[in-house]
1. Of the conditions (1) under 26 Å from SER24 (Cα atoms); (2) within 15 Å of the ligand (Cβ to nearest atom); (3) crowded, with 18+ Cβ neighbours inside 10 Å, ARG85 clears all except one; give me its number.
2. Can you pull out the residues in segment 88-125 that are surrounded by 15 or more Cβ atoms within 10 Å (Cβ to Cβ), in a loop (DSSP other than H, G, I, E, B) and of a type in the set (D, E, K, R)?
3. Kindly indicate whether ASP46 is open to solvent by 30 Å² or more (accessible area, probe 1.4 Å) and out of contact with any Ser or Thr (no Cβ under 6 Å at 6 or more places or on another chain).
4. Given (1) within 15 Å of the ligand (Cβ to nearest atom); (2) within 20 Å of ARG32 (Cα to Cα); (3) open to solvent by 10 Å² or more (accessible area, probe 1.4 Å), identify the lone condition not met by ALA76.
5. Of (1) in contact (Cβ under 8 Å) with a residue 40 or more places away in the chain; (2) of a type outside the set (Phe, Trp, Tyr); (3) on the phi < 0 side of the Ramachandran plot, ASN10 satisfies all except one. Which?
6. Checking GLU36 against (1) in contact (Cβ under 8 Å) with a residue 40 or more places away in the chain; (2) closer than 20 Å to ARG136 by Cα; (3) in a helix (DSSP H, G or I), which single condition isn't satisfied?
Amino acid sequence: GTVLVLNGPNLGRLGSREPDVYGSLDFAGLVRLCEEAAAALGLRADVRQTDDEAELVGWLHEAADRALPVVLNPAAFTHYSYALRDAAAQRTAPLIEVHISNPYARESFRHTSVVGAVATGTIAGFGTDSYLLALRALAGSARS
Ligand code: DQA
């Protein structure tokens, strides 16, 4: 089945954006990594990125309507977007929150996730491997 891999603001700039924090892989590389990992797990990854809160909310509505599992990196929206949280709460399939960095080891404003409580689970701090671990978790939950 299809998995939506949804990415919030500034993640399109991976590779050049604070590489000490987010690594050197660019967004196109992340897309390829997710597509390949999903295929190996028998899934199809539909990887998207937007800087626009409304667009991200719309994608979560689509996931809810189509009962699609979601890997979500809400980026900065993690920390303050109740609109995104309310959209994620409508999920009809598992939703894994992911972060490349470990937000708990960073500035205090990153220590709160308003999305975490409505996610199935959260994977953070493993670089872009966080996405691969999330895809594995979804593949496991689809089997059980
Ligand atoms: C992030 C962590 C957020 O705090 C930050 O705003 C991001 C990326 C991560 O993947 O580590 O944009 O979600």
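The values are calculated or read from the model by the stated rules, or taken from the named source; none is laboratory data. From a predicted model like this one, the values you see are computed outputs, not experimental measurements. Positions of Cβ are backbone-derived with ideal geometry, glycine not excepted, and every protein chain shown enters the neighbour counts. Ligands, DNA and RNA are excluded from the accessible area calculation, which covers all protein heavy atoms including side chains. Shrake-Rupley method; radii C 1.70, N 1.55, O 1.52, S 1.80 Å.
1. Unmet condition: (1).
2. ARG91
3. no
4. Unmet condition: (2).
5. The one condition ASN10 does not meet is (3).
6. (1)
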